[in-house]
Amino acid sequence: MSAVRVFVPCDSAALAVGADEVAAALAAVCARRGVAVDIVRNGSRGLFWLEPLVEVATPAGRVAYGPVRADDIASLLDAGMLDGGRHALCHGLTEKMPYLARQERLTFARMGVTDPLSLADYEAHEGWAGLRRALTLDGAELVQEVLDSGLRGRGGAAFPAGIKWRTVSQTPATQKYVVCNADEGDSGTYSDRMTMEGDPYVLIEGLAIAAVAVGATRGFVYVRAEYPHAIATLNEAIERATAAGFLGDRVCGSAHAFHLEVRKAAGSYVCGEETAMLESLEGRRGIVRAKPPLPAVAGLFGQPTLIHNVISLASVPLIVARGAAFYRDFGMGRSRGTLPFQLAGNIRHGGLVEKAFGLTLRELLHDFGGGTRSGRPIKAVQVGGPLGAYVPESQWDVPLDYEAYAAMGAAVGHGGIVVHDDTADMAKLARYAMEFCAIESCGKCTPCRIGSTRGVEVIDRITGLSGGQPQQQAQVHLLRDLCDTLLHGSLCAMGGMTPYPVLSALDHYPADFGLVTDPHAA
């Protein structure tokens with residue numbers, strides 16, 4: 001009798017709740033019972049409230065069980081888990097679970113399906129198809145493919161990817177670089193980490209395609225130091241891809257050379273800004289550079305450099321493999337394709353949801369997230385990381401679209417969504433945003449360095465007063481002026497976006513600041 005394939009995730013989120021112990025218990029109990037199993041350590045499907053989510057390959061498809069603990073293994077085996085048997089932890093066929101079935105998984109199509117480090121698994125699921133097609137096109141054709149797809153930077157700025165590619169491609173130089181910014185530091189975000197740990201070859205393939213398109217021969221992945229599993233997985237994947245000929249002096253036997261390395265980040269939030277990251281890569285303190293020149297013209301070591309985040313690059317292989325039109329057909333307006341939204345905070349079903357642009361926050365919060373974990377009403381939702389705006393319920397039906405969110409003073413950003421229930425104090429959260437900026441500022445520009453410190457003091461003065469006193473209103477006016485200076489005078493988005501959470505909290509939740517909302521109450 002052949003061994004039954006059982007999948008136990010090796011993703012950091014699963015490891016944190018005992019996935020290694022589950023895998024060890026499964027191996028030990030099956031050995032004692034004389035049952036043959038082939039345990040595959042896959043990536044996470046992104047249903048974090050069910051981790052560790054164990055799957056069993058059956059003739060009907062993979063059957064999911066979760067959350068599984070080590071001491072559940074005996075009862076699961078007794079219930080016939082290896083044949084897909086019924087159990088209290090059984091969720092039926094994985095692909096038919098509503099949370100997954102309602103998604104459009106393009107970038108995350110392999111996530112949780114394959115062994116992350118298996119080249120054979122990757123190739124069996126459309127891996128390297130994009131790179132092989134890229135090698136049949138010239139650089140201009142590849143750049144046009146990305147332009148036509150409508151792909152925009154998924155790191156937060158949403159700048160059209162193809163324009164960056166064209167700029168680097170058309171800038172003459174003897175040495176060009178491709179750099180992946182994997183310094184994923186936004187609160188509530190983990191799609192980059194999941195990709196590096198659960199499907200590293202898609203990132204490697206995206207980097208190789210980009211290198212072929214712009215004429216780069218060297219690349220770096222700048223990974224945050226807090227991601228040791230991602231770093232280890234990437235290093236191993238790069239070694240295997242190089243040995244197999246997908247990287248190195250002759251990519252897939254072509255005349256293109258591309259060598260890739262991983263660099264551990266410096267542990268600074270501001271190094272997520274592309275020019276500060278370049279400074280760090282060059283061995284200096286991560287301080288934001290003035291622009292121009294743009295990194296696409298004079299970036300790493302003064303050479304033309306294409307910089308993207310993980311999800312931007314991981315979207316490229318499918319675009320090139322299937323054509324720009326396929327990808328462009330997803331989404332709305334100028335927001336094309338899909339984005340992996342990441343549900344976190346006080347949410348019942350936290351996890352990753354890849355959907356085409358155009359769904360609403362209300363759908364994400366209730367249809368996928370299932371409301372708050374506390375069971376209390378949702379009060380505010382921060383979209384786009386620690387410097388994203390707090391979105392009140394009155395705006396939950398606005399489509400998740402770059403332009404629609406910008407029009408209401410918010411940002412989709414990296415797709416991180418952090419939920420707060422009605423016990424949240426929005427004044428304290430606004431103060432935290434200013435304090436966060438003060439701590440993490442690189443210090444190069446005055447609005448960010450000094451403005452954030454003054455912002456903490458002004459918020460303290462506002463909340464120390466009450467009842468709409470003239471002194472309190474004067475401080476509110478001062479805070480708004482300060483935010484305007486930060487917004488328009490900061491050198492980078494660190495200071496430029498700090499006003500988003502502050503002003504959204506002030507505008508939508510004035511009572512939390514002790515401000516009078518009823519003009520007759522004073």
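The values are calculated or read from the model by the stated rules, or taken from the named source; none is laboratory data. None of the values given here were measured: they were computed from a predicted structure. Every residue, glycine among them, receives a Cβ derived from its backbone with ideal geometry; neighbour counts consider all protein chains shown. Protein only, heavy atoms only, side chains kept; ligands, DNA and RNA dropped before computing areas. Shrake-Rupley method; radii C 1.70, N 1.55, O 1.52, S 1.80 Å.
Numerical summary
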item	result
Residue within the range 494-514 that is open to solvent by 20 Å² or more (accessible area, probe 1.4 Å), within 22 Å of V391 (Cα to Cα) and hydroxyl-bearing (S, T, Y) present	yes
Cross-chain or 6+ apart pairs with Cβ under 7 Å, the range 473-494 first and under 21 Å from G185 (Cα atoms) and in contact (Cβ under 8 Å) with a residue 12 or more places away in the chain, then of a type in the set (K, R) and surrounded by 15 or more Cβ atoms within 10 Å (Cβ to Cβ)	L491/K444
Residue in the range 292-300 that is over 30 Å from P116 (Cβ atoms), open to solvent by 60 Å² or more (accessible area, probe 1.4 Å) and in contact with a Pro (Cβ under 9 Å, 6 or more places away or on another chain) present	yes
Count - residues of the range 390-415 that are open to solvent by 10 Å² or more (accessible area, probe 1.4 Å), under 26 Å from D183 (Cβ atoms) and in a helix (DSSP H, G or I)	2
Any hit, the range 201-216, residues being over 21 Å from A109 (Cα atoms) and hydroxyl-bearing (S, T, Y)	no
Subset tally (residues that are assigned to a strand (DSSP E or B) and of a type in the set (S, T, N, Q)) for the range 294-321	2
Residue satisfying condition, being more than 24 Å from Q103 (Cβ to Cβ) and either within 22 Å of the chain's Cα centre (by Cα) or among the small types (G, A, S) (or both), within set A380, A410, A404	A380
Members of the range 58-71 that are within 27 Å of K355 (Cβ to Cβ) and in a strand (DSSP E or B)	G61, R62, V63, A64, Y65
Of all residues in the range 313-330 being touching a residue at least 60 places away in the same chain (Cβ under 8 Å) and surrounded by fewer than 23 Cβ atoms within 10 Å (Cβ to Cβ), the one that is nearest to the chain's Cα centre (by Cα)	F330
Tally, over the range 162-194, of residues that are within 21 Å of G345 (Cα to Cα) and in contact with a strand residue (DSSP E or B) (Cβ under 9 Å, 6 or more places away or on another chain)	11
Residues of the range 72-113 that turn out to be free of Cβ contacts under 8 Å to residues at least 12 places away in the same chain and either outside any helix (DSSP H, G or I) or aliphatic (A, V, I, L, M) (or both), as a count	6
Complete set of residues in the range 70-85 that are under 23 Å from S2 (Cβ atoms) and either of a type in the set (D, E) or open to solvent by 80 Å² or more (accessible area, probe 1.4 Å) (or both)	D78, D83
Out of A28, A14, A24, sole residue that is open to solvent by less than 20 Å² (accessible area, probe 1.4 Å), assigned to a helix (DSSP H, G or I) and either among the polar types (S, T, N, Q) or farther than 17 Å from C90 by Cβ (or both)	A14
Residue within the range 114-124 that is open to solvent by less than 20 Å² (accessible area, probe 1.4 Å) and assigned to a helix (DSSP H, G or I) present	yes
Helices (runs of 4 or more DSSP H) within the range 158-268 that include 1 or more residues among the aliphatic types (A, V, I, L, M) and open to solvent by 20 Å² or more (accessible area, probe 1.4 Å)	161-170, 228-243
Complete set of residues in the range 220-254 that are among the aromatic types (F, W, Y) and within 23 Å of R41 (Cα to Cα)	Y227
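Each row is one residue, and each column tells you yes or no for (1) open to solvent by 60 Å² or more (accessible area, probe 1.4 Å); (2) farther than 15 Å from P499 by Cα; (3) β-branched (V, I, T).
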position	(1), (2), (3)
Y432	yes, no, no
P447	no, no, no
T463	yes, yes, yes
P470	yes, yes, no
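The rows are residues; the columns are (1) in contact with a strand residue (DSSP E or B) (Cβ under 8 Å, 6 or more places away or on another chain); (2) of a type in the set (F, W, Y); (3) more than 25 Å from E205 (Cα to Cα).
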{"residue": "P292", "(1), (2), (3)": "no, no, yes"}
{"residue": "T305", "(1), (2), (3)": "yes, no, no"}
{"residue": "I311", "(1), (2), (3)": "yes, no, no"}
{"residue": "A325", "(1), (2), (3)": "no, no, no"}
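Residue-by-condition table, conditions (1) more than 19 Å from the chain's Cα centre (by Cα); (2) over 28 Å from S118 (Cα atoms):
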{"residue": "S149", "(1), (2)": "yes, yes"}
{"residue": "G162", "(1), (2)": "yes, yes"}
{"residue": "T171", "(1), (2)": "yes, yes"}
{"residue": "K176", "(1), (2)": "yes, yes"}
{"residue": "C180", "(1), (2)": "no, no"}
{"residue": "Y190", "(1), (2)": "no, no"}
{"residue": "R193", "(1), (2)": "no, no"}
{"residue": "E197", "(1), (2)": "no, no"}
{"residue": "A210", "(1), (2)": "yes, no"}
